[in-house]
Amino acid sequence: MIKDSREIKIKKSLRSRITDVDWDNLPFGKVFSDHMLVMDYKDGQWEDAEIMPFEDLQMHPATSAIHYGQSIFEGMKANKDEDGNVLIFRPHLNAKRFTESCERMCMPAIAEEVFVDLIKKVVDLDRDWIPNKPGYSLYIRPFMFATDDFIGIKPSDTYKFIIFTCPVGAYYTAPVNVKIEEYYTRAAQGGVGRAKTAGNYAASLYPAKLAQEQGFHQLIWTDAAEHKYIEESGTMNIVFEIDGKMVTPSEDMDTILRGVTKRSVVEIAKHWGITVEERKVTVEEVVNALREGRVTDAFGAGTAATIAQIAKIGFRDELFELPSIESRTTSNKIKTYLTDLKSGKIEDELNWLVEF
Ligand code: COI
């Protein structure tokens, strides 16, 4: 059942917490704005949404999302231009991906225009929470989870959809070191790798922890069948510059999340005349190119991570140091472009921003 546009009830918080925030020290995902939007699904339809003060949820211990993982989410960012207009980066792409996640996880969809509209409403109410500093944003987290209090495996009949927001700084504060993973897997063909569902992140924790113990920030996941092809990096998609061409795994496979930032990187690179190859990328070709010094740039692309330049790549017992960050013409240019665009400093030539 697709949610149509309806009235939203608004209950404002009696005291804003905004003056308690240390704006010079904003850890990612730990500071929450004053309000959240909540919308319940029952009897086959979405009820009216309500915006209310950000607060704890009360849940039945048998809430099915906790036990069986019917839970999906999105992430996007809002900034302000110098006139105070709010700019949200490509929310319609997140809305589309959310619909796809709903379908894969047997959850009720929300019409994409309604999804974007609800986001605008909650961001508008907490627009003072949008940081003004370069590289900082208001991170928007819409999510949906199954709320039936029931022990048993079936799609829930009831759901909760919530949107809250957090002012954030960088997710990665420095270039990252990543390891090509050849044993553990993030997603297998036919599984839920393309859906932005909670379990994909839970499954990545243990292998990522092992890699962190070896000094890496993240893994580069490879395909589950043969560990022959590069997929993504869990918190972000991955892009290489090899022999002067941008090379990135194609998202045609259902094991890779269709990243909004990565899509934007590909589109802007093509717009600038850079050759982009979206295709199957083998571990072998990347490792050979690393050995031969033909990888001139490599970076992760994600909403939280933005453009996370990669300093080192580990593969088995080899550790490859990539060229200096200053020499990374492509990722530096894209990073600056996206930061400037999101804060309205340059023209929105590709019509990516929703402004209000
Ligand atoms: C995002 O980029 O929005 C994500 O959900 C990834 C997570 C590392 C925060």
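The values are calculated or read from the model by the stated rules, or taken from the named source; none is laboratory data. The model shown is predicted, which means the values in this text are computed figures rather than measured ones. Heads up, the Cβs are rebuilt from the backbone with ideal geometry, glycines too, and the neighbour counts pull from every protein chain shown. Protein only, heavy atoms only, side chains kept; ligands, DNA and RNA dropped before computing areas. Shrake-Rupley method; radii C 1.70, N 1.55, O 1.52, S 1.80 Å.
Could you say which residue among Asp340, Asp252 is under 23 Å from the mean Cα position of the chain (by Cα), under 19 Å from Trp221 (Cα atoms) and among the acidic types (Asp, Glu)?
Numbers: Asp340 fails: under 19 Å from Trp221 (Cα atoms).
Of Asp340, Asp252, the one residue that is under 23 Å from the mean Cα position of the chain (by Cα), under 19 Å from Trp221 (Cα atoms) and among the acidic types (Asp, Glu) is Asp252.
Please tell me if Ile130 is open to solvent by less than 40 Å² (accessible area, probe 1.4 Å), hydrophobic (A, V, I, L, M, F, W, C) and out of contact with any Lys or Arg (no Cβ under 8 Å at 6 or more places or on another chain). Write out each step before concluding.
Values: open to solvent by less than 40 Å² (accessible area, probe 1.4 Å): yes; hydrophobic (A, V, I, L, M, F, W, C): yes; out of contact with any Lys or Arg (no Cβ under 8 Å at 6 or more places or on another chain): no.
Criteria not met by Ile130.
Taking the criterion of being outside any loop (DSSP other than H, G, I, E, B) and either in contact (Cβ under 8 Å) with a residue 12 or more places away in the chain or not polar (S, T, N, Q) (or both), would at least one residue in the stretch 185-198 satisfy it?
Residues of the stretch 185-198 that are outside any loop (DSSP other than H, G, I, E, B), as a first pass: 197-198.
Now drop any that are not either in contact (Cβ under 8 Å) with a residue 12 or more places away in the chain or not polar (S, T, N, Q) (or both), which leaves 197-198.
Yes.
Among the residues of the stretch 13-35, are any open to solvent by 50 Å² or more (accessible area, probe 1.4 Å) and assigned to a strand (DSSP E or B)?
There is no residue in the stretch 13-35 that is open to solvent by 50 Å² or more (accessible area, probe 1.4 Å) and assigned to a strand (DSSP E or B).
Collect the residues in the stretch 237-252 that are hydrophobic (A, V, I, L, M, F, W, C) and under 16 Å from Ser264 (Cβ atoms), keeping them in residue-number order.
Of everything in the stretch 237-252, those that are hydrophobic (A, V, I, L, M, F, W, C) and under 16 Å from Ser264 (Cβ atoms) turn out to be Ile238, Val239, Met246.
What strands (runs of 3 or more DSSP E), lying completely within the stretch 39-120, carry at least 3 residues that are surrounded by fewer than 17 Cβ atoms within 10 Å (Cβ to Cβ) and at pLDDT 95 or above? Step through it out loud before you land on a result.
Details: elements: 49-53, 71-73, 76-80, 86-89.
Result: 49-53.
Within the stretch 139-168, which residues are surrounded by 19 or more Cβ atoms within 10 Å (Cβ to Cβ), closer than 12 Å to His67 by Cβ and among the aromatic types (Phe, Trp, Tyr)?
Selection gives Phe145 alone.
Is it true that some residue in the stretch 169-179 is of a type in the set (A, V, I, L, M), closer than 30 Å to Arg17 by Cβ, open to solvent by 10 Å² or more (accessible area, probe 1.4 Å) and within 15 Å of the ligand (Cβ to nearest atom)? Please lay out each step first, then the result.
Taking the stretch 169-179 and keeping what is of a type in the set (A, V, I, L, M), we get 170, 174, 176, 178.
After this cut, where a residue has to be closer than 30 Å to Arg17 by Cβ as well, the list is 170, 174.
Among the residues that remain, those that are also open to solvent by 10 Å² or more (accessible area, probe 1.4 Å) are: 170, 174.
From the residues that got through so far, the ones that are within 15 Å of the ligand (Cβ to nearest atom) too are 170.
Within the stretch 169-179, one or more residues are of a type in the set (A, V, I, L, M), closer than 30 Å to Arg17 by Cβ, open to solvent by 10 Å² or more (accessible area, probe 1.4 Å) and within 15 Å of the ligand (Cβ to nearest atom).
Please verify whether the stretch 76-88 includes one or more residues that are touching a residue at least 60 places away in the same chain (Cβ under 8 Å), closer than 25 Å to Gly190 by Cα and either within 16 Å of the ligand (Cβ to nearest atom) or of a type in the set (Gly, Ala, Ser) (or both).
Within the stretch 76-88 (the criterion being touching a residue at least 60 places away in the same chain (Cβ under 8 Å), closer than 25 Å to Gly190 by Cα and either within 16 Å of the ligand (Cβ to nearest atom) or of a type in the set (Gly, Ala, Ser) (or both)), the answer is no, since none of the residues qualifies.
Check Ala305, Ala311, Ala298 and return the single one that is closer than 21 Å to Gly135 by Cα, within 16 Å of the ligand (Cβ to nearest atom), touching a helix residue (DSSP H, G or I) at 6+ places or on another chain (Cβ under 9 Å) and not assigned by TED's automatic domain parsing to the domain that holds Ser101. Even if it seems obvious, please write down each step before you answer.
Numbers: Ala311 fails: within 16 Å of the ligand (Cβ to nearest atom); Ala298 fails: within 16 Å of the ligand (Cβ to nearest atom).
Going through Ala305, Ala311, Ala298 in turn, the sole match is Ala305.
Take the stretch 236-286 and flag every residue that is within 16 Å of the ligand (Cβ to nearest atom) and not polar (S, T, N, Q).
Keep residues of the stretch 236-286 that are within 16 Å of the ligand (Cβ to nearest atom), which gives 236-239, 251, 256-265.
Across the stretch 236-286, the qualifying residues are Met236, Ile238, Val239, Glu251, Ile256, Leu257, Arg258, Gly259, Val260, Lys262, Arg263, Val265.
Which condition from (1) open to solvent by less than 10 Å² (accessible area, probe 1.4 Å); (2) farther than 23 Å from Ala203 by Cα is the one that Asp124 breaks?
(1)
How many residues are free of Cβ contacts under 8 Å to residues at least 24 places away in the same chain and of a type in the set (Ser, Thr, Tyr) when one looks only at the stretch 140-183?
1
Any residue in the stretch 29-48 that is of a type in the set (Val, Ile, Thr), assigned by TED's automatic domain parsing to the domain that holds Asp149 and in contact (Cβ under 8 Å) with a residue 60 or more places away in the chain? Walk me through how you get there before you give the answer.
Residues of the stretch 29-48 of a type in the set (Val, Ile, Thr): 31, 38.
Remaining after also requiring assigned by TED's automatic domain parsing to the domain that holds Asp149: 31, 38.
Adding the requirement that they be in contact (Cβ under 8 Å) with a residue 60 or more places away in the chain leaves 31, 38.
Within the stretch 29-48, one or more residues are of a type in the set (Val, Ile, Thr), assigned by TED's automatic domain parsing to the domain that holds Asp149 and in contact (Cβ under 8 Å) with a residue 60 or more places away in the chain.
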